[in-house]
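Chemist: What follows is a structure written as structure tokens; I'll ask about it next.
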Amino acid sequence: MGRTDTLLSATLGDEGLLRKALLVLGGTILIALAARTSVPMFPVPMTLQTLAILAVGFTFGSRLGAITLIAYLAEGAAGLPVFSPTTAMGPAAFFGPTGGFLIGFVFMAWAAGWAAERGIARGFVGTALAGIVISALLYIPGLAWPMGLASAVGVEAGWAGQGLGFYWTHFVSGFLIGDAVKAVLAALIVTGGWAALSRR
């Protein structure tokens, strides 16, 4: 499947370096605000963080999307309050129970952008399905860290090195519905942007 435009390139064309820097900054602010926004959801409340990451990836494309998330993680590592309120601030965040998810966010944005660039995430259904699959893949680095990598580098905590049932209960089952809902919402936002662009 050939390469195609993202919503950003279709809207702004070939962005200059300054414009790209401003877009990255704007993307990190959007993700930070979403990470600190909690909405009621069954069975647990959810933040809008991954919704914003998917939207950034689908809109910015793979390269700029990944750069935006690297910048976001750098802001968090520097101690800025950009992560969810339950995540530690500064470098400690990367050694906590959700450290694998934080690193996985870079892949998440890249994968969403890749899907958009290749026309996989095109139209509501394609974009929603891509978002759901990418959200599911986030659990690979998200669970690899607490299940084994954390213990391997010497992290001693109650969440490290537990059995699969522990991680299903505390890291997965309560978040699956919310992840699917956020993927669908991201698809609505991005396809809504394409619809608005087509009416110009």
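The values are calculated or read from the model by the stated rules, or taken from the named source; none is laboratory data. Bear in mind that the values here come from a model prediction, so they are computed numbers and not experimental data. Backbone-built Cβ (ideal geometry, glycine too); neighbour counts: all protein chains shown.
Chemist: Considering only the range 15-36, state which residues are surrounded by 15 or more Cβ atoms within 10 Å (Cβ to Cβ) and either among the basic types (Lys, Arg) or over 18 Å from residue 106 (Cβ atoms) (or both).
Modeler: Correct list: 15, 20, 36.
Chemist: Let me ask something else about it. Just for helices (runs of 4 or more DSSP H) wholly inside the range 1-101: which have at least 2 residues that are more than 17 Å from the chain's Cα centre (by Cα) and of a type in the set (D, E, K, R)? Explain how you work it out, then say what you get.
Modeler: Numbers: elements: 7-12, 17-35, 49-60, 62-77.
Filter on the range 1-101 gives 17-35.
Chemist: How many of the residues in the range 127-159 are surrounded by fewer than 17 Cβ atoms within 10 Å (Cβ to Cβ) and touching a Ser or Thr at 6+ places or on another chain (Cβ under 7 Å)?
Modeler: Number satisfying all stated conditions: 0.
Chemist: Of 12, 64, which residue is of a type outside the set (Phe, Trp, Tyr), under 20 Å from residue 189 (Cβ atoms), at pLDDT below 90 and touching a Lys or Arg at 6+ places or on another chain (Cβ under 8 Å)?
Modeler: Working: 64 fails: at pLDDT below 90.
None of the others qualify; the one that does is 12.
Chemist: I need the full set of residues from the range 116-126 which are in a helix (DSSP H, G or I) and surrounded by fewer than 19 Cβ atoms within 10 Å (Cβ to Cβ), in order please. Working first, answer last.
Modeler: Step one: list which residues in the range 116-126 are in a helix (DSSP H, G or I), which gives 116-117, 123-126.
123, 124, 125, 126 - these are the residues of the range 116-126 that are in a helix (DSSP H, G or I) and surrounded by fewer than 19 Cβ atoms within 10 Å (Cβ to Cβ).
Chemist: Tell me, please, whether a residue that is loosely packed, with under 14 Cβ neighbours inside 10 Å and farther than 24 Å from residue 111 by Cβ can be found in the range 177-193.
Modeler: no
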